[in-house]
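> First the structure, then my questions, so here it is.
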Amino acid sequence: MTSRIERVGAVQAGEAVAVEPWRGGLLGAPTVTEASVGRANNFNLLRLVMAVAVVVSHGFSVITGNVHDEPLTAATGYTLGEHAVNGFFVISGFLVTMSFDRRGWLDYALARVLRIAPGLIVATLMVGLVLGAALSSLGPFRYLADAGTWKFVVQTLSTYKSNTVLPGVFENNPFRFPMGTVWTLKYEVICYAAVFVIGALGLLRSRRLALGLLLSLTAALLLLDWLQPEAAKGLQTAVRLPLLFTAGAVFYRFGGSIRLSILAAMFMIAGVVLLRHTFAYNTALFLTEAYCLMWLALVPVSRLIPEPRDDISYGVYLYGWPIQQALHALFPLAGALVLLAPALALTVLVGFVSWRMIEKPALNIKRRILDRRDRPRPI
């Protein structure tokens, strides 16, 4: 076979098929499988853009205390940060399902734990014990001896609680909690666990199961918005995020059948606009976002921009909120736009350090474990 032909494993019916890499242009309509061949994609770039979008979105709410005090909310009903989180779950569903399918349960489990835990542990300790001690009105010694400090560490790491406060920290900020983004990790971990269980049962390659889950979650969201349009946001989130994750998994599972077309994306966006004031709007919006994001990730449109070599998106996502909180506490009279530039600069820098010193070395542990496991034993 020539180098232009690559093997894409377990794409259809669990069998490997030879797929020609997509060489089309902007208006082409490759399948997900064709567009996925090789390493040329925009996943790292999109994750970084979405992590920065979360920081930009929080630039408003950290100052005002209103999570919806952002221009995009009036236009779409959701903040820029919420749209970015939607994108994270779509990408995660696609890549995580692929990871288990192609590499097996051990590689999958190690990768998931080592991707989430080390960065979160270090971020929690840095915010809870270093940043908190520096900014607390109690002083560093009383602060570190306070039970509330350790409660924050335990709850953040065990239950991913975002609303746990630190004693004497951010007392004059509209929001007092220092790790405002970790709540999404709870849903991420639940989705990871679901993939593991389904995969362990040998059902991950079942197209019927994948489609059934997607249709069930779609129906659940439609019914919720129809019967309880004023339901608590948390209830909708509990359906929204698994729906988007499942949509990503379906893109992988049906990769040979789904075409990525800019015309289809435009029609879907037009449909969302028409449904804006109906109970079907949210569902249409989320599924359209999933399709458009996969198009951006796989069709060679944004590849004019080099793919980042360092995946700093997780660090940016974790550290953006505490850095913004600290800047607002130090400069309470500064407006959102004034603090946004230094917040972004500091967050990207810290995210880079987190990737190079914590996250990337942690992922290398997986390779060493698997290499040791696969190494032939001496006779």
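The values are calculated or read from the model by the stated rules, or taken from the named source; none is laboratory data. Computed from a prediction, not measured in an experiment: that's the story for all the values here. Glycine gets a Cβ as well: all are built from the backbone with ideal geometry, and neighbour counts include every protein chain shown.
> Among the numbered criteria (1) of a type outside the set (D, E, K, R); (2) assigned to a helix (DSSP H, G or I); (3) crowded, with 18+ Cβ neighbours inside 10 Å; (4) touching a Lys or Arg at 6+ places or on another chain (Cβ under 8 Å), which one does Y108 miss?
Of everything listed in (1) of a type outside the set (D, E, K, R); (2) assigned to a helix (DSSP H, G or I); (3) crowded, with 18+ Cβ neighbours inside 10 Å; (4) touching a Lys or Arg at 6+ places or on another chain (Cβ under 8 Å), Y108 misses just condition (4).
> Take residues that are surrounded by fewer than 14 Cβ atoms within 10 Å (Cβ to Cβ) and of a type outside the set (S, T, Y) and tell me which of the helices (runs of 4 or more DSSP H) falling wholly in the stretch 197-310 contain 3 or more.
Numbers: elements: 207-227, 233-253, 262-274, 281-298.
So the answer is 207-227, 233-253, 262-274.
> Does any residue in the stretch 161-172 that is closer than 21 Å to T64 by Cβ come within less than 6 Å, Cβ to Cβ, of a residue that is among the charged types (D, E, K, R) six or more places away or on a different chain, and which pairs are these?
V165/R176; F170/R176
Quick grid of which residues meet (1) among the aliphatic types (A, V, I, L, M); (2) in a helix (DSSP H, G or I); (3) crowded, with 17+ Cβ neighbours inside 10 Å:
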site: V113; (1), (2), (3): yes, yes, no
site: V127; (1), (2), (3): yes, yes, yes
site: L138; (1), (2), (3): yes, no, yes
site: P178; (1), (2), (3): no, no, yes
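The rows are residues; the columns are (1) modelled with pLDDT of 95 or more; (2) among the aromatic types (F, W, Y).
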| position | (1), (2) |
| --- | --- |
| Y291 | yes, yes |
| L296 | no, no |
| S302 | no, no |
| E307 | no, no |
| D310 | no, no |
| G315 | yes, no |
| Y319 | yes, yes |
| Q324 | yes, no |
| A334 | no, no |
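> Have a look at V154, V96, V90, V127 and point out the one that is more than 25 Å from A247 (Cβ to Cβ) and touching a helix residue (DSSP H, G or I) at 6+ places or on another chain (Cβ under 9 Å).
On the way: V154 fails: touching a helix residue (DSSP H, G or I) at 6+ places or on another chain (Cβ under 9 Å); V96 fails: more than 25 Å from A247 (Cβ to Cβ); V90 fails: more than 25 Å from A247 (Cβ to Cβ).
Every option except V127 fails the conditions.
Matching residues to (1) touching a residue at least 24 places away in the same chain (Cβ under 8 Å); (2) basic (K, R):
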{"residue": "V54", "(1), (2)": "yes, no"}
{"residue": "P71", "(1), (2)": "no, no"}
{"residue": "V85", "(1), (2)": "yes, no"}
{"residue": "I91", "(1), (2)": "yes, no"}
{"residue": "R103", "(1), (2)": "no, yes"}
{"residue": "D107", "(1), (2)": "yes, no"}
{"residue": "R115", "(1), (2)": "yes, yes"}
{"residue": "A123", "(1), (2)": "yes, no"}
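> Right, next: Hey, which of the helices (runs of 4 or more DSSP H) in the stretch 1-96, taking only ones fully inside, have at least 3 residues that are modelled with pLDDT under 95 and surrounded by fewer than 22 Cβ atoms within 10 Å (Cβ to Cβ)? Break it down into steps so the answer makes sense when it comes.
Details: elements: 32-36, 43-64, 71-76.
Once the helices (runs of 4 or more DSSP H) in the stretch 1-96 are filtered for at least 3 residues that are modelled with pLDDT under 95 and surrounded by fewer than 22 Cβ atoms within 10 Å (Cβ to Cβ), what remains is 43-64, 71-76.
> Take I323 and decide whether it is surrounded by 14 or more Cβ atoms within 10 Å (Cβ to Cβ), out of contact with any Asp or Glu (no Cβ under 6 Å at 6 or more places or on another chain) and touching a residue at least 40 places away in the same chain (Cβ under 8 Å). Give the steps one after another, and end with the answer.
Working: surrounded by 14 or more Cβ atoms within 10 Å (Cβ to Cβ): yes; out of contact with any Asp or Glu (no Cβ under 6 Å at 6 or more places or on another chain): yes; touching a residue at least 40 places away in the same chain (Cβ under 8 Å): no.
Answer is no for this residue.
> Restricting attention to the stretch 271-291, does a residue exist that is over 23 Å from T79 (Cα atoms) and not basic (K, R)? Even if it seems obvious, please write down each step before you answer.
As a first pass, look at the stretch 271-291 and keep what is over 23 Å from T79 (Cα atoms): none.
Scanning the stretch 271-291 turns up no residue that is over 23 Å from T79 (Cα atoms) and not basic (K, R).
> Let me ask something else about it. Residue check: is G148 modelled with pLDDT under 95, assigned to a helix (DSSP H, G or I) and not hydrophobic (A, V, I, L, M, F, W, C)?
Details: modelled with pLDDT under 95: no; assigned to a helix (DSSP H, G or I): yes; not hydrophobic (A, V, I, L, M, F, W, C): yes.
Here the answer is no, as G148 does not meet what is asked.
> For the stretch 151-176, what are the residues that are farther than 15 Å from P322 by Cβ, part of a helix (DSSP H, G or I) and polar (S, T, N, Q)?
Q155, S158, T159
> Would you be able to tell me the number of residues in the stretch 317-362 that are in contact with a Gly (Cβ under 9 Å, 6 or more places away or on another chain) and of a type in the set (G, A, S)?
Number satisfying all stated conditions: 6.
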